[in-house]
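The values are calculated or read from the model by the stated rules, or taken from the named source; none is laboratory data. Keep in mind that this is a model prediction, so the values were computed, not measured. Reconstructed Cβ throughout: ideal geometry from the backbone, glycine too, with neighbour counts over all protein chains shown. Side chains are part of the model used for accessible areas, which takes the heavy atoms of the whole protein and leaves out ligands, DNA and RNA. Shrake-Rupley method; radii C 1.70, N 1.55, O 1.52, S 1.80 Å.
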Amino acid sequence: MNMTITTIIDPLEASDRKRSNFIQKLVQNPVKSNKASSLQLTRPPKRIVRFWDDLKRIPVDVTECIKSWVGLETQGFELLLFDEHNAKNFIRNQLGIRHERAFDKCYHPAMKSDYFRLCYIYIKGGCYVDVDDVYCGNEIEHLFDDGKLKIQPLCYDVSTDKMVPLPVFAKPGADSLNWIFYFNNNPLIAAYGHPVIEKALSNATFALEQSLLNQLPEIQSTTGPGNLSKTIFDHASNTNDIENMLTVLHDWEDIAITKWSLSYRNDERNWRLSNRKTYTRSVSQTSMTGVK
């Protein structure tokens, strides 16, 4: 009798699989801790922070996304928009030359945005959102009730090269060997000095310092969601208080939706098309606007 043995191949390395499984448990079975902590007693400022590398060259469609948040000013929120120059000044003044040099080694605007958000939230606290997020108008005050790190979960299907919808992957027990669970770095909401943000910033800084001149580092794992996800996993592996430090947001898309049909995604301004490639800004790529 002939027997066919099917070998199931895991698309992830062992360490990546452990991290994905850990995040899956946090997403599908959130634990509510009643233990009081300084983070629960500290509120981040009501501040929305964004970044676009050149404020004189913001595409019109991105400007519309940015303007969707303006209504929050009537609710006492401060809205800030940094460019590369202002972000670099902030990093130099608040963190010093080492972090400024690390920022300079970020070779793409998306990478600079990743690094800057860690710097800003660590020093000042508040809420960082990407400029392509459109505010839906729903209540947001509750996200500032405590200083825990609030992050959005994501899940990527290797076999289809597509994102898995949150209602599907957040359901308890939902799983596939082809799924990779991880945390987005958008939004990034926390009180200043949050230990996870501090460590994520430290890891990103070290990775940038170790990068070779002729080898551009991978963006996501160096400064983006990969770095944040690994930092959270490593922190949880060394402590037992991760539930006191973060809140997994299952309803962020009720608050803001990422707009994918934007002009800049079709050229090298899209980090997915520029990962590990030299980036050159072209005047013809952008539309002149006046964001106020």
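Residue-wise test of (1) in contact with a Ser or Thr (Cβ under 8 Å, 6 or more places away or on another chain); (2) closer than 15 Å to Phe22 by Cα.
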residue	(1), (2)
Asp161	no, no
Phe183	yes, yes
Ile197	no, no
Leu208	yes, no
Ser211	yes, no
Ile242	no, yes
Val248	no, yes
Trp252	no, no
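One residue alone among Val31, Val27 is touching a His at 6+ places or on another chain (Cβ under 9 Å) and either at pLDDT below 85 or assigned to a helix (DSSP H, G or I) (or both), and that residue is Val27. Within the stretch 45-60, not a single residue is modelled with pLDDT under 95 and not in a helix (DSSP H, G or I). For the stretch 66-100, the set of residues classified as in contact (Cβ under 8 Å) with a residue 40 or more places away in the chain, over 19 Å from Pro44 (Cβ atoms) and within 19 Å of the chain's Cα centre (by Cα) consists of Ile66, His99, listed by residue number.
All of Tyr279, Tyr264 fail the test of being assigned to a helix (DSSP H, G or I), among the aromatic types (Phe, Trp, Tyr) and at pLDDT below 95, apart from Tyr264.
Do we have Asp234 as over 15 Å from the mean Cα position of the chain (by Cα) and under 20 Å from Phe169 (Cα atoms) here? Talk me through it step by step, then tell me what you get.
Values: over 15 Å from the mean Cα position of the chain (by Cα): yes; under 20 Å from Phe169 (Cα atoms): no.
No, not satisfied.
In the set Val134, Val60, only one residue is among the aliphatic types (A, V, I, L, M), under 19 Å from the mean Cα position of the chain (by Cα) and within 25 Å of Leu273 (Cα to Cα); that residue is Val134.
For the stretch 207-221, check the following and say yes or no: at least one residue is open to solvent by less than 50 Å² (accessible area, probe 1.4 Å), in a helix (DSSP H, G or I) and without any contact (Cβ under 8 Å) to a residue 24 or more places away in the chain.
Here is the first cut: in the stretch 207-221, the ones open to solvent by less than 50 Å² (accessible area, probe 1.4 Å) are 207-208, 211, 217-219.
With the extra rule that they be in a helix (DSSP H, G or I), the set shrinks to 207-208, 219.
From what's left, without any contact (Cβ under 8 Å) to a residue 24 or more places away in the chain: 207.
Checked the stretch 207-221: at least one residue is open to solvent by less than 50 Å² (accessible area, probe 1.4 Å), in a helix (DSSP H, G or I) and without any contact (Cβ under 8 Å) to a residue 24 or more places away in the chain.
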